[in-house]
Amino acid sequence: MNSAMDSAAEAVSNACRLAKQTFKQWGVSWPIVSWIVLVHALAVAAPFFFTWPALVTCIVLSFITGSFGVCMGYHRLLTHKSFNTYKPIRWLLAFLGGLSGEGSALTWVANHRKHHAFSDHEGDPHSPKHGPWWSHVLWFMPNFGQKWRRELYERYAPDMLKDKVIVALHYLFLPTHFICAGLLWMIGYFGPTSWGLGTNWAGWSMVLWGLGVRMVYVLHVTWFVNSATHIWGYRNYNTTDNSRNLWWVGLLAFGEGWHNNHHAYQRVARQGHRWWEFDITWCAIWVMEKVGLAWDVVRLKDIPKTLPTR
């Protein structure tokens, strides 16, 4: 018991030391930190401005920006090319991913491809080996600078740089959130009073729930894929990293929690490989394929089996 506690304490100490060294070397990206603090402040204020329409809006937008935007668009389509679709749909999914608040498609894809290149080894941008808080939220807060980011994009996302719409969305990342907030306020202010809308108070309710609470939820459940699913859970495959399948992340993060499956076969569109591993984002991709909006969908049977199962 003492040995385990000592090892855990040493791991925490090493993680804190690394975080301090990183922030000392690069400094803090105050725009990013301010953005994260603002979003969480909106979520904290939301319960004081509760309306049922705002709660419904929060739930609907969580799925649209989290499942469609991040999981389907950023992750499975743009990063791993698990399926193909029409360019307008590609751009729409990238736009919805941006509304999640996790950065532009260009930034997200480049960082995630780097994560797979060095997963849980030196060079991984967000491994829990550097501490759970580092992998969950601290890893993107250092001010690495424009030169570092440009090199990141050129090395890990050169295909994204060739898409002018994706690049435009990169620069429009912050303005789109203010536009979204304005639209939500207008819906609350001008909406029908029979729905509990039609007031300035209802307008702010829509903003705080539809933007603040919704964004905090999507941010943290997808961040848990970086942190929790590299710490806890079970493994279907003997991968070279610490990726694991964690049921509650799988459910909360729209099917992304079956992370060991994903690291074993990254291009497969369906991340739940066992019958009980429910993947709601895969269900949406399957429907898109059936109606002709998705094609070249990569399935597990399409990939040579190179890893032993457990």
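Counting the residues of the range 60-108 that are of a type in the set (D, E, K, R), buried (at least 20 other Cβ atoms within 10 Å of the Cβ) and farther than 16 Å from HIS220 by Cα gives 1.
So which residues in the range 125-168 are outside any loop (DSSP other than H, G, I, E, B) and touching a Leu at 6+ places or on another chain (Cβ under 8 Å), if there are any at all?
HIS130, TRP134, TYR153, GLU154, MET160, LEU161, ILE166, VAL167 - these are the residues of the range 125-168 that are outside any loop (DSSP other than H, G, I, E, B) and touching a Leu at 6+ places or on another chain (Cβ under 8 Å).
Taken over the range 188-213, residues that are out of contact with any Gly (no Cβ under 9 Å at 6 or more places or on another chain) and under 24 Å from GLU102 (Cβ atoms) amount to 4.
Scanning the range 258-278 for residues that are closer than 19 Å to GLY69 by Cα, part of a loop (DSSP other than H, G, I, E, B) and either in contact with a His (Cβ under 9 Å, 6 or more places away or on another chain) or touching a residue at least 40 places away in the same chain (Cβ under 8 Å) (or both) returns GLN266, ARG267, VAL268, ALA269, GLN271.
Just checking, does the range 102-113 include any residue being closer than 25 Å to ARG214 by Cβ and either touching a Lys or Arg at 6+ places or on another chain (Cβ under 7 Å) or of a type in the set (Asp, Glu) (or both)? So far as the range 102-113 goes, yes, one or more of its residues are closer than 25 Å to ARG214 by Cβ and either touching a Lys or Arg at 6+ places or on another chain (Cβ under 7 Å) or of a type in the set (Asp, Glu) (or both). Residue check: THR240 meets all listed conditions (1) surrounded by fewer than 20 Cβ atoms within 10 Å (Cβ to Cβ); (2) closer than 19 Å to HIS115 by Cβ; (3) in contact with a helix residue (DSSP H, G or I) (Cβ under 6 Å, 6 or more places away or on another chain) but one, namely (3).
Scanning the range 261-278 for residues that are surrounded by fewer than 23 Cβ atoms within 10 Å (Cβ to Cβ), under 21 Å from HIS112 (Cα atoms) and of a type in the set (D, E, K, R) gives a single hit, ARG267. Condition (residue is touching a residue at least 60 places away in the same chain (Cβ under 8 Å) and either in contact with a Pro (Cβ under 7 Å, 6 or more places away or on another chain) or of a type in the set (A, V, I, L, M, F, W, C) (or both)) applied to the range 116-129: is it met by at least one residue? No: the range 116-129 contains no residue that is touching a residue at least 60 places away in the same chain (Cβ under 8 Å) and either in contact with a Pro (Cβ under 7 Å, 6 or more places away or on another chain) or of a type in the set (A, V, I, L, M, F, W, C) (or both). Can you confirm whether the range 225-234 contains a residue that is surrounded by fewer than 22 Cβ atoms within 10 Å (Cβ to Cβ) and part of a helix (DSSP H, G or I)? No, the range 225-234 contains no residue that is surrounded by fewer than 22 Cβ atoms within 10 Å (Cβ to Cβ) and part of a helix (DSSP H, G or I). For LYS114, the conditions (1) surrounded by 20 or more Cβ atoms within 10 Å (Cβ to Cβ); (2) within 23 Å of THR239 (Cα to Cα); (3) at pLDDT 95 or above all hold with the exception of (1). Return the residue satisfying two criteria in turn: it lies in the range 73-103 and is outside any helix (DSSP H, G or I) and under 17 Å from the mean Cα position of the chain (by Cα), and of such residues it is nearest to ALA181 (Cα to Cα). Result: LEU99.
Can you go through LEU152, LEU78, LEU99, LEU93 and tell me which one is of a type outside the set (D, E, K, R), farther than 24 Å from GLY257 by Cβ and modelled with pLDDT of 95 or more? Steps first, answer last, please.
Numbers: LEU78 fails: farther than 24 Å from GLY257 by Cβ; LEU99 fails: farther than 24 Å from GLY257 by Cβ; LEU93 fails: farther than 24 Å from GLY257 by Cβ.
The conditions single out LEU152.
Considering only the range 182-195, how many residues are more than 20 Å from VAL44 (Cβ to Cβ), buried (at least 17 other Cβ atoms within 10 Å of the Cβ) and in contact with a helix residue (DSSP H, G or I) (Cβ under 6 Å, 6 or more places away or on another chain)?
Residues of the range 182-195 that are more than 20 Å from VAL44 (Cβ to Cβ), as a first pass: 182-183, 186-187, 189-195.
With the extra rule that they be buried (at least 17 other Cβ atoms within 10 Å of the Cβ), the set shrinks to 187, 191.
After this cut, where a residue has to be in contact with a helix residue (DSSP H, G or I) (Cβ under 6 Å, 6 or more places away or on another chain) as well, the list is 187.
The number of residues fulfilling the criteria is 1.
The values are calculated or read from the model by the stated rules, or taken from the named source; none is laboratory data. These numbers were taken from a predicted model, which means no experiment stands behind them. With ideal geometry, Cβ positions are generated from the backbone for all residues, glycine too; neighbour counts draw on all protein chains shown.
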